[in-house]
Amino acid sequence: MELAFERRGAGAPLILIHGIGHHWQAWLPVLDRLAAAHDVIAIDLPGFGVSPGLPDGTPYTAESLADAVESFCALMGVCEPHVAGNSLGGYIALELASRGVVRTAAALSPAGFWSRPELVWCQTALRALRSTARSLPYEQAARAAENPLGRAMSAGLLVAHPSRLTPTALMAATQALAGAAGFDETLESFTNLMPPAPPKTPITIAWGEHDRLLPRWQAVRAAKWSGQRVKLLKGCGHLPMSDDPGLVARVILESC
């Protein structure tokens, strides 16, 4: 399947997978750090960013999106890459490790380790963010992005340090969320999302210390599932790439 992507660097291939409603630019804060050691390919999932949607009749689920990533790698001639993902992308990274089609997988605050109330909170919060992104006039959103308080109100649920987000990055993320054709169906599919099968390849799971969307106690369940300790990303929220690019890059590079 053809997907939009950004490719930088040289070395062993590393696929980067964003979360629901986001786009490949989520990885910009860490991209060059990772590209110093790897052939990095940051993708837009089907129905997100500027990638085309899934074929007609194909449901939007974490598994079907993982199928699309696997097909994309085959199309690109990338065999057994390293993979890293955040949120939904973290789940997809673990799913690919469960299939044994990647060399290693790093998952940052992966989806799927919630309790039922935590799932409802996640879906409710994301629907509210999506509604705001779609209803707020562009000029008003731009003014909010330029204002420190506006950035905190817009992004405080997802990052621990909104001040580290540039207005340009925040506006781009807002537009990606508003325009994501696959968002609603993918979010609805979370209702039936369970942790993937046990991994067949090495994995690393890391969790933002101040994750407000998928609170860090979900890491305990992820640790029980994986049978290994989950790394804590100190000072980071749900999108740790923006909060501490150096820390996130180190965690991913150490996992490869």
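The values are calculated or read from the model by the stated rules, or taken from the named source; none is laboratory data. These figures come from a predicted structure and were not determined experimentally. Glycine also receives a Cβ, built like all others from the backbone with ideal geometry; neighbour counts cover every protein chain displayed. For accessibility, only protein heavy atoms count, side chains too; no ligands or nucleic acids. Shrake-Rupley method; radii C 1.70, N 1.55, O 1.52, S 1.80 Å.
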Query raised in the report: Filter region 99-146 for residues that are acidic (D, E) and either over 17 Å from A178 (Cα atoms) or open to solvent by less than 20 Å² (accessible area, probe 1.4 Å) (or both); which is nearest to the chain's Cα centre (by Cα)?
Result: E118
Query raised in the report: Which members of region 1-25 meet the condition of being open to solvent by less than 10 Å² (accessible area, probe 1.4 Å) and either in a helix (DSSP H, G or I) or of a type outside the set (G, A, S) (or both)?
Result: L14, I15, L16, I17, H18
Requested in this report: Identify the single condition in (1) buried (at least 17 other Cβ atoms within 10 Å of the Cβ); (2) over 20 Å from Y91 (Cβ atoms) that G182 does not satisfy, given that it satisfies every other one.
Outcome: (2)
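Please indicate, with yes or no, whether at least one residue in region 10-30 is under 19 Å from the mean Cα position of the chain (by Cα), over 26 Å from P198 (Cα atoms) and free of Cβ contacts under 8 Å to residues at least 60 places away in the same chain. Working first, answer last.
First, pick out the residues of region 10-30 that are under 19 Å from the mean Cα position of the chain (by Cα): 13-30.
Keeping just the survivors that are over 26 Å from P198 (Cα atoms) gives 21-30.
Going one step further and asking which of them are free of Cβ contacts under 8 Å to residues at least 60 places away in the same chain, we end up with 24.
Scanning region 10-30, I find at least one residue that is under 19 Å from the mean Cα position of the chain (by Cα), over 26 Å from P198 (Cα atoms) and free of Cβ contacts under 8 Å to residues at least 60 places away in the same chain, so the answer is yes.
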Query raised in the report: Of the residues in region 150-206, how many are free of Cβ contacts under 8 Å to residues at least 24 places away in the same chain and assigned to a loop (DSSP other than H, G, I, E, B)?
Result: 1
Report summary line: Checked region 208-232 for anything of a type in the set (A, V, I, L, M), closer than 17 Å to A105 by Cα and either touching a helix residue (DSSP H, G or I) at 6+ places or on another chain (Cβ under 8 Å) or part of a loop (DSSP other than H, G, I, E, B) (or both); matches are V230, L232
